[in-house]
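Engineer: Got a structure for you, written out below as C-alpha coordinates; questions coming shortly.
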Amino acid sequence: MYEGFHTSEDVMREYLIQGSNLDVYGVPELYPINVSPMYDTVDFSASFNYSIKNYKKINVNFYIHDKAFERIWNNADRYIEHLKCFHSVIAPDFSICTGRTGMPFVMNLWNKYRNHALAWYMTVQGIKVIPSVSILDKDNWDWGFSALPKRSVLSCCTNGRVRSKAARLEFCEGFYEMCDRLEPTKVIIVGRIPGELKSPVEIVNYKTRSQKINENMERNNNGNID
(Lines give C-alpha, C1' and ligand atoms only; values in the text may rest on other atoms or scores of the structure.)
Protein backbone atom coordinates (compact mmCIF):
# COMPACT_ATOMS: atom_id res chain seq x y z
CA MET A 1 0.00 0.00 0.00
CA TYR A 2 1.48 3.34 -1.08
CA GLU A 3 1.90 5.97 1.61
CA GLY A 4 4.14 8.98 1.51
CA PHE A 5 4.84 12.40 0.04
CA HIS A 6 8.27 13.19 -1.34
CA THR A 7 8.09 16.73 -2.75
CA SER A 8 7.39 20.09 -1.20
CA GLU A 9 3.68 20.94 -1.50
CA ASP A 10 3.25 17.58 -3.29
CA VAL A 11 4.13 18.90 -6.73
CA MET A 12 4.19 15.27 -7.97
CA ARG A 13 0.54 14.82 -6.89
CA GLU A 14 1.23 11.74 -4.79
CA TYR A 15 -2.08 12.39 -3.05
CA LEU A 16 -3.71 10.73 -6.06
CA ILE A 17 -2.20 7.30 -5.29
CA GLN A 18 -2.39 7.14 -1.50
CA GLY A 19 -3.52 3.68 -0.40
CA SER A 20 -2.97 2.05 -3.79
CA ASN A 21 -0.89 -1.01 -4.59
CA LEU A 22 1.71 -0.40 -7.27
CA ASP A 23 2.73 -2.88 -9.96
CA VAL A 24 6.34 -3.60 -10.96
CA TYR A 25 6.36 -0.42 -13.07
CA GLY A 26 5.10 1.76 -10.20
CA VAL A 27 1.61 2.06 -11.70
CA PRO A 28 -1.42 1.93 -9.35
CA GLU A 29 -3.41 -1.29 -9.67
CA LEU A 30 -7.11 -0.82 -10.39
CA TYR A 31 -10.05 -2.74 -8.93
CA PRO A 32 -12.42 -4.89 -11.01
CA ILE A 33 -15.91 -3.47 -11.46
CA ASN A 34 -19.31 -4.67 -12.62
CA VAL A 35 -21.64 -1.90 -13.72
CA SER A 36 -25.30 -1.85 -14.72
CA PRO A 37 -26.26 -0.95 -18.30
CA MET A 38 -25.93 2.69 -19.28
CA TYR A 39 -27.79 4.65 -21.95
CA ASP A 40 -24.82 6.30 -23.62
CA THR A 41 -21.32 7.66 -23.10
CA VAL A 42 -20.20 11.26 -23.61
CA ASP A 43 -16.66 12.57 -23.55
CA PHE A 44 -15.40 14.73 -20.70
CA SER A 45 -15.79 18.00 -22.62
CA ALA A 46 -19.36 17.17 -23.66
CA SER A 47 -20.26 16.17 -20.09
CA PHE A 48 -20.61 19.87 -19.23
CA ASN A 49 -23.38 20.33 -21.81
CA TYR A 50 -26.60 21.54 -20.19
CA SER A 51 -28.66 19.54 -22.69
CA ILE A 52 -27.85 16.30 -20.83
CA LYS A 53 -31.06 15.15 -19.15
CA ASN A 54 -30.51 11.88 -17.31
CA TYR A 55 -27.04 11.99 -15.77
CA LYS A 56 -27.56 8.72 -13.90
CA LYS A 57 -27.80 6.81 -17.20
CA ILE A 58 -24.85 8.52 -18.89
CA ASN A 59 -21.20 7.46 -18.72
CA VAL A 60 -18.24 9.84 -19.14
CA ASN A 61 -15.18 8.89 -21.19
CA PHE A 62 -11.84 10.56 -21.93
CA TYR A 63 -11.43 9.39 -25.52
CA ILE A 64 -10.66 12.90 -26.77
CA HIS A 65 -7.55 15.06 -27.26
CA ASP A 66 -5.33 15.14 -24.18
CA LYS A 67 -5.49 18.94 -24.01
CA ALA A 68 -9.24 18.70 -23.38
CA PHE A 69 -8.75 17.01 -20.02
CA GLU A 70 -5.23 17.97 -18.92
CA ARG A 71 -7.04 20.23 -16.43
CA ILE A 72 -8.28 17.23 -14.45
CA TRP A 73 -4.67 16.14 -13.90
CA ASN A 74 -3.78 19.65 -12.74
CA ASN A 75 -6.75 19.89 -10.36
CA ALA A 76 -8.62 16.61 -9.90
CA ASP A 77 -10.65 17.75 -6.90
CA ARG A 78 -12.30 20.47 -8.95
CA TYR A 79 -14.09 17.87 -11.09
CA ILE A 80 -14.88 15.05 -8.65
CA GLU A 81 -18.36 16.29 -7.70
CA HIS A 82 -19.19 16.85 -11.36
CA LEU A 83 -18.22 13.30 -12.29
CA LYS A 84 -20.15 11.88 -9.32
CA CYS A 85 -23.36 13.04 -11.04
CA PHE A 86 -22.95 10.42 -13.76
CA HIS A 87 -23.65 6.69 -13.96
CA SER A 88 -19.95 5.85 -14.23
CA VAL A 89 -16.66 7.06 -15.65
CA ILE A 90 -14.25 5.33 -18.02
CA ALA A 91 -10.73 5.90 -16.73
CA PRO A 92 -8.71 8.76 -18.26
CA ASP A 93 -6.87 8.02 -21.49
CA PHE A 94 -3.79 10.18 -21.88
CA SER A 95 -2.16 9.23 -25.16
CA ILE A 96 0.15 6.23 -25.46
CA CYS A 97 1.98 6.01 -28.79
CA THR A 98 4.28 3.04 -29.35
CA GLY A 99 6.13 1.60 -32.32
CA ARG A 100 8.87 2.94 -34.57
CA THR A 101 7.39 6.45 -34.75
CA GLY A 102 5.95 6.46 -31.23
CA MET A 103 6.93 8.39 -28.12
CA PRO A 104 9.86 7.43 -25.86
CA PHE A 105 8.96 4.63 -23.44
CA VAL A 106 9.23 6.86 -20.38
CA MET A 107 6.60 9.23 -21.83
CA ASN A 108 4.24 6.35 -22.56
CA LEU A 109 4.73 4.92 -19.07
CA TRP A 110 4.14 8.36 -17.54
CA ASN A 111 0.82 8.66 -19.34
CA LYS A 112 -0.21 5.16 -18.25
CA TYR A 113 0.71 6.13 -14.70
CA ARG A 114 -1.41 9.29 -14.94
CA ASN A 115 -4.35 7.33 -16.31
CA HIS A 116 -4.23 4.89 -13.42
CA ALA A 117 -3.48 7.48 -10.76
CA LEU A 118 -6.56 9.51 -11.67
CA ALA A 119 -8.68 6.36 -11.98
CA TRP A 120 -7.56 5.22 -8.53
CA TYR A 121 -8.31 8.62 -6.99
CA MET A 122 -11.77 8.73 -8.58
CA THR A 123 -12.49 5.26 -7.21
CA VAL A 124 -11.44 6.30 -3.70
CA GLN A 125 -13.78 9.29 -4.01
CA GLY A 126 -16.73 6.98 -4.66
CA ILE A 127 -16.96 7.16 -8.45
CA LYS A 128 -17.66 3.98 -10.43
CA VAL A 129 -14.58 3.76 -12.63
CA ILE A 130 -14.36 1.39 -15.60
CA PRO A 131 -10.69 0.62 -16.37
CA SER A 132 -9.61 1.74 -19.83
CA VAL A 133 -7.23 -0.48 -21.79
CA SER A 134 -4.78 0.77 -24.40
CA ILE A 135 -4.60 -1.97 -27.05
CA LEU A 136 -0.92 -1.84 -27.99
CA ASP A 137 1.40 -3.74 -30.30
CA LYS A 138 2.85 -7.08 -29.17
CA ASP A 139 6.16 -5.60 -27.96
CA ASN A 140 4.28 -3.53 -25.36
CA TRP A 141 1.71 -5.98 -24.03
CA ASP A 142 3.43 -6.71 -20.72
CA TRP A 143 3.42 -3.18 -19.35
CA GLY A 144 0.33 -2.18 -21.33
CA PHE A 145 -1.85 -4.78 -19.61
CA SER A 146 -0.15 -4.46 -16.22
CA ALA A 147 -2.05 -3.01 -13.21
CA LEU A 148 -5.40 -3.73 -14.88
CA PRO A 149 -7.91 -5.96 -13.09
CA LYS A 150 -9.01 -9.45 -14.06
CA ARG A 151 -12.65 -10.46 -14.49
CA SER A 152 -13.91 -6.89 -14.75
CA VAL A 153 -15.84 -4.77 -17.20
CA LEU A 154 -13.18 -3.04 -19.31
CA SER A 155 -13.23 -0.36 -21.97
CA CYS A 156 -11.18 0.55 -25.04
CA CYS A 157 -11.44 2.92 -27.97
CA THR A 158 -10.81 2.36 -31.68
CA ASN A 159 -9.99 5.96 -32.63
CA GLY A 160 -7.27 5.73 -35.28
CA ARG A 161 -7.34 1.91 -35.21
CA VAL A 162 -9.72 1.12 -38.08
CA ARG A 163 -8.39 3.14 -41.00
CA SER A 164 -6.07 0.48 -42.40
CA LYS A 165 -6.26 -3.30 -42.43
CA ALA A 166 -2.90 -3.56 -40.67
CA ALA A 167 -4.13 -1.30 -37.85
CA ARG A 168 -7.36 -3.30 -37.52
CA LEU A 169 -5.51 -6.63 -37.39
CA GLU A 170 -3.06 -5.29 -34.79
CA PHE A 171 -5.99 -4.11 -32.70
CA CYS A 172 -7.69 -7.50 -32.97
CA GLU A 173 -4.51 -9.33 -31.96
CA GLY A 174 -4.09 -7.09 -28.92
CA PHE A 175 -7.79 -7.42 -28.06
CA TYR A 176 -7.54 -11.23 -28.02
CA GLU A 177 -4.45 -11.02 -25.82
CA MET A 178 -6.29 -8.71 -23.45
CA CYS A 179 -9.11 -11.24 -23.20
CA ASP A 180 -6.66 -14.06 -22.48
CA ARG A 181 -4.75 -12.14 -19.81
CA LEU A 182 -7.53 -10.19 -18.10
CA GLU A 183 -10.60 -12.37 -18.74
CA PRO A 184 -13.01 -9.43 -18.91
CA THR A 185 -16.68 -10.03 -18.16
CA LYS A 186 -17.64 -7.46 -20.78
CA VAL A 187 -15.81 -4.96 -22.98
CA ILE A 188 -17.08 -1.51 -23.86
CA ILE A 189 -15.79 -0.37 -27.23
CA VAL A 190 -16.15 3.31 -28.02
CA GLY A 191 -15.86 3.81 -31.75
CA ARG A 192 -16.22 1.58 -34.79
CA ILE A 193 -15.68 -2.14 -34.27
CA PRO A 194 -13.24 -3.67 -36.78
CA GLY A 195 -15.01 -6.08 -39.09
CA GLU A 196 -12.22 -8.59 -38.49
CA LEU A 197 -12.86 -8.77 -34.73
CA LYS A 198 -14.41 -12.01 -33.48
CA SER A 199 -14.71 -11.22 -29.81
CA PRO A 200 -14.76 -14.08 -27.29
CA VAL A 201 -16.55 -11.81 -24.78
CA GLU A 202 -19.66 -9.63 -24.85
CA ILE A 203 -19.12 -6.22 -26.45
CA VAL A 204 -21.12 -3.08 -25.73
CA ASN A 205 -20.57 -0.51 -28.47
CA TYR A 206 -20.94 3.27 -28.18
CA LYS A 207 -20.27 6.03 -30.69
CA THR A 208 -17.51 8.60 -30.38
CA ARG A 209 -18.22 12.30 -30.55
CA SER A 210 -17.06 12.47 -34.18
CA GLN A 211 -19.39 9.60 -35.16
CA LYS A 212 -22.34 11.38 -33.54
CA ILE A 213 -21.48 14.66 -35.28
CA ASN A 214 -21.16 12.97 -38.67
CA GLU A 215 -24.47 11.13 -38.24
CA ASN A 216 -26.25 14.35 -37.26
CA MET A 217 -24.80 16.12 -40.31
CA GLU A 218 -25.97 13.29 -42.56
CA ARG A 219 -29.47 13.42 -41.10
CA ASN A 220 -29.63 17.18 -41.51
CA ASN A 221 -28.36 17.01 -45.09
CA ASN A 222 -30.86 14.29 -45.97
CA GLY A 223 -33.64 16.31 -44.40
CA ASN A 224 -32.77 19.33 -46.51
CA ILE A 225 -32.94 17.48 -49.81
CA ASP A 226 -35.83 18.85 -51.99
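Engineer: Could you state the orientation-averaged shadow area of the convex hull built on the Cα atoms of the chain, in nm² to one decimal?
Structural biologist: For the chain, averaging the hull's shadow over all directions gives 14.2 nm².
Engineer: With labels modelled as points extended 7 Å from the Cα through the Cβ direction, what inter-label distance (nm, one decimal) is found for Val11 paired with Ile80?
Structural biologist: 2.4 nm
Engineer: Keeping every protein chain in place, order Tyr50, Tyr113, Tyr25 by accessible area at 1.4 Å, biggest value first, i.e. largest first.
Structural biologist: Ranked from most to least accessible, the order is Tyr50, Tyr25, Tyr113.
Engineer: Follow-up. Determine the relative contact order of the chain: mean sequence separation of Cα pairs under 8 Å and six or more apart, normalised by residue count, in whole percent.
Structural biologist: Dividing the mean separation by the residue count of the chain yields 18 percent.
Engineer: Moving to a separate point now. Hey, which lysines would be in cross-link range of Lys128, C-alpha to C-alpha under 17 Å, not counting anything within fewer than 8 residues on its own chain?
Structural biologist: Lys56, Lys57, Lys84, Lys150, Lys186
Engineer: What percentages, rounded to whole numbers, describe P(r) for region 53-150 computed over all alpha carbon pairs with 5 Å bin width beginning at zero?
Structural biologist: Going out from 0 Å in 5 Å bins, region 53-150 shows 2, 12, 23, 24, 18, 11, 6, 3, 1 percent.
Engineer: Further question on the same structure: Tell me, what is the Rg over Rh of region 1-71, with Rh the Kirkwood radius over Cα pairs?
Structural biologist: 1.08
Engineer: How much of the accessible area of region 140-205, probe 1.4 Å, is carbon plus sulfur, in whole percent?
Structural biologist: Working: 1340 of 3010 Å².
Carbon-and-sulfur percentage of accessible area, whole number: 45.
Engineer: Moving on to the next point. For Ala167 and Asp180 in one chain, what is 0.36 nm times their gap in residues minus the Cα-Cα distance, to one decimal in nm?
Structural biologist: 2.7 nm
Engineer: Extension gain Glu70-Thr101, at 0.36 nm per residue separation less the Cα-Cα distance, in nm?
Structural biologist: 8.8 nm
Engineer: Compute, for region 43-152, the length of the dipole vector about the Cα centre, with Cβ point charges of +1 (Lys, Arg) and -1 (Asp, Glu) only. Units Debye, rounded to 20.
Structural biologist: Values: 14 positive and 9 negative charges, 80 e Å.
The dipole magnitude comes to about 380 debye.
Engineer: Given an 8 Å cut-off on Cα distances and at least 6 residues of separation, report the relative contact order of region 140-218 as a percent. Please list the in-between numbers first.
Structural biologist: Numbers: 95 pairs, mean separation 25.3, N = 79.
After rounding, I find 32 percent.
Engineer: Taking only protein heavy atoms into account and a 1.4 Å probe, give the accessible area per residue of the chain in Å².
Structural biologist: It amounts to 54 Å² per residue over the chain.
The values are calculated or read from the model by the stated rules, or taken from the named source; none is laboratory data. Fair warning: this is a prediction, and the values are worked out from it, not measured in the lab. Glycine also receives a Cβ, built like all others from the backbone with ideal geometry; neighbour counts cover every protein chain displayed. In case anyone asks, the SASA skips ligands and DNA or RNA and just uses the protein heavy atoms, side chains included. Shrake-Rupley method; radii C 1.70, N 1.55, O 1.52, S 1.80 Å.
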